[in-house]
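The values are calculated or read from the model by the stated rules, or taken from the named source; none is laboratory data. Since the model is a prediction, treat every value here as computed from it, not as a measurement. Every residue, glycine among them, receives a Cβ derived from its backbone with ideal geometry; neighbour counts consider all protein chains shown.
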Amino acid sequence: MARVSSNVIGNFSGKLGNLSARINHGRTILAARPASFNAPMDASAIERRNIFLATLKFATQVANLPVLKKVWAKVTPSDLSEANQIVSANYKYSSAAKPTVDNIITPGGFVLNIQNTLLDAAKLTADIPALTTVAIMDPAEVNCNFSVVICYHTPLAEGDDPYNIITLSKDVPNFQFGVQYNLQLDLNIVQKAIAAKYDGSIVYLAVVPKTADDRILHYSSTFVAAF
């Protein structure tokens, strides 16, 4: 593998002869492509591929939430993307069938114990405890973000995907960290249609305080609820 930080043709991605290229943090990374490859078809190899696929789908959705991507950027080495870091952190928690209750959407953080979490066909609600009881808030932290990943599983109809993952996010300006907050996140029409197809769900929720200029000083661990 080769890295190109500056060149006369600029950064590029895609295939070039027997090389493949991708752009990561402004640098072009070149890797040799195998001439041929036959994927093993034994049960253990298939299981590993399915675990990786479930982890990749989960990580992609986490990285698609801008606040969570910034959180993971804090722990991501310069030669990796945030999505790759999320995959690396989550592979050991996923199953071949779907993400599990052990998957995470933040890399550690202060412990978050949420009460009265409820997911119905139209919305997610939860009682967020006063954050000053679980973490020391910096005076510069004045806003708060709530980021949620939901994995719907156990399809009601034969032929539907075995699981589907959606995301929700909410920014609250001038957040009162010293009092309980009653969170409500509404599903849009597409997300409601997805929810209606499944019997089970796993909710992953993180709370991220932010400064007025959008800096992230710390964040919560992943709170998980299964329905």
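Could you grab me the full set of residues in the stretch 128-170 that are of a type in the set (Ser, Thr, Tyr) and under 17 Å from the mean Cα position of the chain (by Cα)?
At the first step, the residues of the stretch 128-170 found to be of a type in the set (Ser, Thr, Tyr) are 132-133, 147, 152, 154, 163, 167, 169.
If the condition is that a residue be of a type in the set (Ser, Thr, Tyr) and under 17 Å from the mean Cα position of the chain (by Cα), then SER147, TYR152, TYR163, THR167, SER169 are the ones that fit.
Among the residues of the stretch 157-191, how many are surrounded by 17 or more Cβ atoms within 10 Å (Cβ to Cβ) and touching a Cys at 6+ places or on another chain (Cβ under 7 Å)?
3
Could you give every pair whose Cβ atoms fall below 7 Å, whose first residue belongs to the stretch 62-90 and is free of Cβ contacts under 8 Å to residues at least 24 places away in the same chain, and whose second residue is of a type outside the set (Val, Ile, Thr) and in a loop (DSSP other than H, G, I, E, B), counting only separations of at least 6 or pairs across chains?
ALA89/PRO107
Filter the stretch 126-144 for residues that are of a type in the set (S, T, N, Q) and either in a loop (DSSP other than H, G, I, E, B) or surrounded by 14 or more Cβ atoms within 10 Å (Cβ to Cβ) (or both) and give the result. Reasoning before the result, please.
Within the stretch 126-144, the subset of a type in the set (S, T, N, Q) is 132-133, 143.
Residue satisfying the conditions is ASN143 alone.
Please count how many residues of the stretch 68-77 are under 14 Å from VAL148 (Cβ atoms) and either modelled with pLDDT under 95 or surrounded by fewer than 21 Cβ atoms within 10 Å (Cβ to Cβ) (or both).
So in the stretch 68-77, the residues under 14 Å from VAL148 (Cβ atoms) come out as 68, 71.
Add one more test, that the residue is either modelled with pLDDT under 95 or surrounded by fewer than 21 Cβ atoms within 10 Å (Cβ to Cβ) (or both), and what stays is none.
Qualifying residue count for the region: 0.
Is one or more of the residues making up the stretch 188-195 closer than 13 Å to CYS144 by Cα and not hydrophobic (A, V, I, L, M, F, W, C)? Walk me through it before giving the result.
Initially, the stretch 188-195 is screened for residues closer than 13 Å to CYS144 by Cα, giving none.
No: zero hits.
Taking ILE165 as meeting all but one of (1) in contact with a strand residue (DSSP E or B) (Cβ under 9 Å, 6 or more places away or on another chain); (2) outside any strand (DSSP E or B), write down the number of the exception.
(2)
Taking the stated definitions as given, is LYS210 under 22 Å from PRO107 (Cβ atoms) and not acidic (Asp, Glu)? Talk me through it step by step, then tell me what you get.
Values: under 22 Å from PRO107 (Cβ atoms): yes; not acidic (Asp, Glu): yes.
In short, yes.
Sort out which residues of the stretch 95-125 are over 17 Å from LEU65 (Cβ atoms), out of contact with any Asp or Glu (no Cβ under 6 Å at 6 or more places or on another chain) and not in a loop (DSSP other than H, G, I, E, B), and write them in order of number.
Residues satisfying the conditions are PHE110, THR117, LEU118, LEU119, THR125.
Is it the case, given these coordinates, that VAL208 is surrounded by 18 or more Cβ atoms within 10 Å (Cβ to Cβ) and of a type outside the set (Phe, Trp, Tyr)? Don't jump to the end; show me each part of the working.
Values: surrounded by 18 or more Cβ atoms within 10 Å (Cβ to Cβ): yes; of a type outside the set (Phe, Trp, Tyr): yes.
It is true that VAL208 is surrounded by 18 or more Cβ atoms within 10 Å (Cβ to Cβ) and of a type outside the set (Phe, Trp, Tyr).
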